[in-house]
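The structure appears right after this line, and notes come after that.
The values are calculated or read from the model by the stated rules, or taken from the named source; none is laboratory data. None of these values were measured; they are calculated from a predicted model. Glycine also receives a Cβ, built like all others from the backbone with ideal geometry; neighbour counts cover every protein chain displayed. To get the accessible areas, we keep the full protein, side chains included, count just its heavy atoms, and leave off ligands, DNA and RNA. Shrake-Rupley method; radii C 1.70, N 1.55, O 1.52, S 1.80 Å.
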Amino acid sequence: MSRIKRPKKYKNMNIRKKKLDIFSFFTVLLAVAVGIELVVGAAGLFTINSMLKDSPTLNLEELYSQESTRIFDKDGNQISDVGEQLRENITYDEIPEALIDAFLSIEDSRYFTHNGFDISRFAAAALANLRSGSVDQGGSTFTMQLVKLTYFFTDDGEVTRSRDIEYKVQQIALAMELEKQASKQEIFELYLNKMNFGGQGNIRGVEKASEFYFNKRVSELNLSECALLSGIINSPYYYDPYNFLDYSTERRNQVLDMMLRHGYINEDEYNLARSVNVEDLLYDHSNDAEAAVDPNQAYIDAVLLEAQQITNQDPLTVAMDIQTAMDPAAQQLSADICAGNVSSVQFPADQVELGFVTMNNQTGEVVAIGGGRNYSGGGAQLLNHATSTYHSPGSCVKPFMSYALAFEYLGWATSHVVTDRPVGDATHVYNNFDGVYRGDVTLEYAIQISLNTPAIIAFQEEINELGLSTVTDYVSKLGFSKYSPDIFDISWTIGGNQFTASPEEIAAAHSMLMNEGQYIKPHCITTITYRSGTQDPITVSEQPDYQPVQVLSPQAAYLSAYMMSRVPVSSEYNYANILQRSYQTFAKSGTSDWGDAGLQYGIPLGARKDKWMVCSTTQYTIAVWNGFDKADAAVQSWFSDSWDSLNI
């Protein structure tokens, strides 16, 4: 069958139809726009009102761009800038004249004279689109673009309203209304703070763009840099100088051409700015991969979670300035330990994990966090082994669980004698770590070598004397998130059964002993200020949840702490001997085992799974967990004698 040849005059039918549609679109739109300005004719008013009936309501507060959340260390130094978009707003006074001129020349030359809608520019754009058969040029003013980005697009560029005549008419109307409510300077400021300048994909606003591209503040930009930034916004992807240097250079030069044409710069300024290579202006990000391994990341992640708990708002979407208690030197050392960069702390295998916190005894402020060996590889929101993993704490609970209540309620002294003997019932007998019973021992001696049965005997007498409810009430005040009276039993006094805790929780319980019996919920944050200024600052120490709670008398706390001070200086070998210093130190170790749960993975019966060390001075407490997240038949998942002797 022969193919019918379409007559030549129909070849461009689709192109002509497309041009006709575009012409009709802009003709109607221009007529309506003129109607908005002149407000003449009943038919015109009816058309305009029908198109504006579902228009967004202009609200000046909604035009202000959401800044990102900043986090600061104890000295007020910024350690992080986080958010779905990174943004720092600036004021009009901070914008250099060259940047204003660059934007005016290339984007909106009559900005300071029109009323939000430039009819001449819009008509020229309509004709240009008609000739090209596209809608590449929209003739939008700064005011219209600000309105569009606020009410018609999301920050990620997603369209929230359809692209039709009503869409454009509503932009024009809102822009003209905005010009009546705000000054030109205010609108231009809002516009520059709103725009997408490309970069890493989440950079918004001219200040963050300046930092990303040139590593300087906007107020420090030179003419060539101003021209480059003003050109980028037309297409943040294609004019990204790191990816498309030739395109961005050509665009920078176009801006300079327009600045010269409009008289913003002279020939000498033009030639000098154009002679500068764009690549010589750019900040070198080649070291960013190394910088991405942030030693503060474990601390930052804990701060973000804590801020959400305190405010019930997400700091990634609500802009905050968060002041913390982080000690940068202590945090750096913590990160170095986790990364294996400290020669005195050598890990025997990759599967051996670590988590620890350092906190101030008197304030409850966490000053450093070792989040785990995974944090040494960079990344955010990883599993934080200091704050979010829970393991059986073993004997490190004895000072505050077994002996503190004996001092408080039973009238015992540190020299009180207990008989170390088998205790238990028909189903379970409690043993010491070495299976040896030593007869009559003082409490001071029992804690130095971490005997189990004296702790069990003391705890049982406390329950018999006080009643179970008094004991469980005391435990409930120590902040253990996994605590429940339903699973409480006598083995908790040696950190066994279903008792699990995080290093942060163990540190807080021990800090209570060093703080005269006052428990303070551990926290990283000292104050939170909303960057919008719409809500009052939050001082964390004034919040009810972070007030000191007296859970033990100062006398009982002192005796428990004294017992711990004898551990590092004991003549008996224990893991805490290495903590002897010229000043007084306090310590208690702890160990838990796999029991028979690891047999199916080739783990020997009763092999050690978790090792703990809690050490304190009068000012700080550090709680360290070292162990295994899971059993793995492919690798060793327990502490052998040689691994144990490393005393990590």
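Would you mention how many residues in segment 61-95 are polar (S, T, N, Q), assigned to a loop (DSSP other than H, G, I, E, B) and within 17 Å of TYR530 (Cα to Cα)?
Residues meeting the conditions: 5.
So SER481 clears everything in (1) of a type outside the set (A, V, I, L, M); (2) closer than 26 Å to MET563 by Cα; (3) modelled with pLDDT under 95 except one condition, right? Which one?
(2)
Across segment 471-496, which residue is nearest to the chain's Cα centre (by Cα) among those that are in contact (Cβ under 8 Å) with a residue 24 or more places away in the chain and surrounded by fewer than 17 Cβ atoms within 10 Å (Cβ to Cβ)?
Among them, the one singled out is SER481.
Pull up segment 415-448, narrow it to residues that are of a type in the set (D, E, K, R) and not in a helix (DSSP H, G or I), then point me to the one that is farthest from MET563 (Cα to Cα).
Going through the qualifying residues, I end up with ASP425.
Within segment 511-552, how many residues turn out to be open to solvent by 60 Å² or more (accessible area, probe 1.4 Å), in contact (Cβ under 8 Å) with a residue 40 or more places away in the chain and within 30 Å of THR442 (Cβ to Cβ)?
1
Conditions tested, residue by residue: (1) of a type in the set (Gly, Ala, Ser); (2) touching an Asp or Glu at 6+ places or on another chain (Cβ under 7 Å).
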| residue | (1), (2) |
| --- | --- |
| VAL569 | no, no |
| GLN584 | no, no |
| ASP629 | no, yes |
| SER637 | yes, no |
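Check whether at least one residue in segment 239-254 is touching a residue at least 60 places away in the same chain (Cβ under 8 Å), surrounded by fewer than 23 Cβ atoms within 10 Å (Cβ to Cβ) and within 22 Å of ARG110 (Cβ to Cβ), and report yes or no.
Yes, segment 239-254 contains a residue that is touching a residue at least 60 places away in the same chain (Cβ under 8 Å), surrounded by fewer than 23 Cβ atoms within 10 Å (Cβ to Cβ) and within 22 Å of ARG110 (Cβ to Cβ).
Could you grab me the full set of residues in segment 526-542 that are at pLDDT 90 or above and at positive phi?
none
Being buried (at least 17 other Cβ atoms within 10 Å of the Cβ), more than 20 Å from the chain's Cα centre (by Cα) and not acidic (Asp, Glu) narrows it down to one residue among LEU304, LEU354; which is it?
LEU354
Keeping to segment 99-113, report how many residues are within 19 Å of ASN193 (Cβ to Cβ) and surrounded by 21 or more Cβ atoms within 10 Å (Cβ to Cβ).
Going through segment 99-113 one residue at a time, the tally reaches 6.
Which is under 14 Å from the mean Cα position of the chain (by Cα), among the small types (Gly, Ala, Ser) and buried (at least 17 other Cβ atoms within 10 Å of the Cβ), of ALA335, ALA298?
ALA298 is the lone residue from the list that is under 14 Å from the mean Cα position of the chain (by Cα), among the small types (Gly, Ala, Ser) and buried (at least 17 other Cβ atoms within 10 Å of the Cβ).
Taking segment 497-510 only, how many residues are surrounded by fewer than 24 Cβ atoms within 10 Å (Cβ to Cβ) and either at positive phi or outside any helix (DSSP H, G or I) (or both)?
Final tally of qualifying residues: 3.
Just the residues that are within 15 Å of VAL367 (Cα to Cα) and in contact with a Leu (Cβ under 9 Å, 6 or more places away or on another chain), please, taken from segment 495-519.
GLU505, ALA508
Can you tell me which residue in segment 180-216 is farthest from THR249 (Cα to Cα), limited to those that are polar (S, T, N, Q) and open to solvent by less than 10 Å² (accessible area, probe 1.4 Å)?
Ranking the candidates gives ASN193 first.
Could you please find all residues in segment 189-206 being part of a loop (DSSP other than H, G, I, E, B) and at pLDDT 85 or above?
Hits for segment 189-206 are MET195, PHE197, GLY205.
Any residue in segment 413-437 that is in contact (Cβ under 8 Å) with a residue 24 or more places away in the chain sitting within a Cβ distance under 8 Å of a residue that is acidic (Asp, Glu) and in a strand (DSSP E or B)? List the pairs, counting only those 6 or more apart or interchain.
From residues that are in contact (Cβ under 8 Å) with a residue 24 or more places away in the chain, the pairs are VAL417/ASP440; VAL418/ASP440; THR419/ASP440; ASP420/ASP440.
Among strands (runs of 3 or more DSSP E) lying entirely in segment 553-645, which contain 1 or more residues that are modelled with pLDDT under 95 and open to solvent by 70 Å² or more (accessible area, probe 1.4 Å)?
In segment 553-645, the matching strands (runs of 3 or more DSSP E) lie at 586-593.
Exactly one condition in (1) of a type in the set (A, V, I, L, M, F, W, C); (2) farther than 30 Å from GLN323 by Cβ; (3) touching a strand residue (DSSP E or B) at 6+ places or on another chain (Cβ under 9 Å) is false for VAL255; which is it?
(3)
Does GLN313 qualify as being open to solvent by 30 Å² or more (accessible area, probe 1.4 Å) and part of a loop (DSSP other than H, G, I, E, B)?
Against the criterion (open to solvent by 30 Å² or more (accessible area, probe 1.4 Å) and part of a loop (DSSP other than H, G, I, E, B)), GLN313 qualifies.
Could you grab the pairs with beta carbons closer than 6 Å, sequence gap of 6+ or different chains, first residue in segment 442-456 and farther than 10 Å from SER402 by Cα, second one open to solvent by less than 20 Å² (accessible area, probe 1.4 Å) and of a type in the set (Asp, Glu)?
From segment 442-456, the pairs are LEU451/ASP420; THR453/ASP420.
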